[in-house]
Amino acid sequence: MANAHYYASGFQSNGTATAAPTLYYGSIPRLQPGQIGFYDAVLAAPAAVLATTDTCYLARMPAGHIPLKVELDLDGDLDTGANTLAVKIGTTADDDLVVAAAVIGNGDRHYEFPTNTAGGSAYGDTTSAKALRTTAAPSADYNLLMVPTAVATTSSTGTTYVRVWYGAPATVLDDNDSPAAVTGNQ
């Protein structure tokens, strides 16, 4: 279904049983600076073939936090046909922050992004769009999204289990807890 929105289990309705969870009341758990954590969610099988105009909302990230890795476990298929479904995973501001284009339609599989290969992950390629650790953490809560870049051949029959590894970057030293700069030779 074109222009459809699908929400993982962490997104909540706006208070009425019939309304889609277009609002979100709170982000995933906040971490202390320097900590890394993970968050699990479930994305039910989409009601129709995923189109490039659809959006899957995976998690609501807290301000000051960055996604480090996204794992998808498919129980069933997201594309029961020729496995043409490709996706990008990122944020509203940077829709391919985690991955630019990865084919994920095959069911009963585990996918991790960015993907590590024997040669390592190359930033800027289709498996790892950019260095997540150099990305500034947004100052407001934001959505982690999965958007198809190539449409599925046929409908989904599967459930997607999502695990987001994320962190709160460590606080930078400031004048109160770091040594003073000294000019000249020592």
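Taking amide H as placed 1.01 Å from N in the peptide plane, the amide H of T149 sits under 5 Å from that of A86, V87, K88, each at least 5 places away or on another chain.
Round to the nearest 0.05 the FRET efficiency obtained for Q32 and H110 when R0 = 41 Å and r is the Cβ-Cβ distance. It comes out at approximately 0.90. Taking every protein chain into account, the 1.4 Å probe leaves D108 with about 120 Å² of accessible area, to the nearest ten. Net length available on complete extension from A48 to A63 is 2.1 nm, with 0.36 nm assigned per residue and the Cα-Cα distance removed. Taking all protein chains together and a 1.4 Å probe, the residues S156, S139 rank S139, S156 from largest to smallest accessible area.
Please state, rounded to one decimal and in Å, the Kirkwood hydrodynamic radius that the range 61-114 gives when every pair of distinct Cα atoms enters the mean of 1/r.
Averaging 1/r across every pair of different Cα atoms and inverting gives 12.1 Å.
When Y166, Y6 are compared by accessible area at a 1.4 angstrom probe, the order from most to least is Y6, Y166. Compared with the alpha-carbon gap, the fully stretched path from A137 to A170 is longer by 10.8 nm at 0.36 nm per residue.
The values are calculated or read from the model by the stated rules, or taken from the named source; none is laboratory data. These numbers come from a predicted model, not from an experiment. When we count neighbours, we look across all protein chains shown, and the Cβ atoms used for this are built from the backbone with ideal geometry, even at glycine. When the accessible area is computed, the model is the full protein with side chains, heavy atoms only, and any ligands, DNA or RNA have been set aside. Shrake-Rupley method; radii C 1.70, N 1.55, O 1.52, S 1.80 Å.
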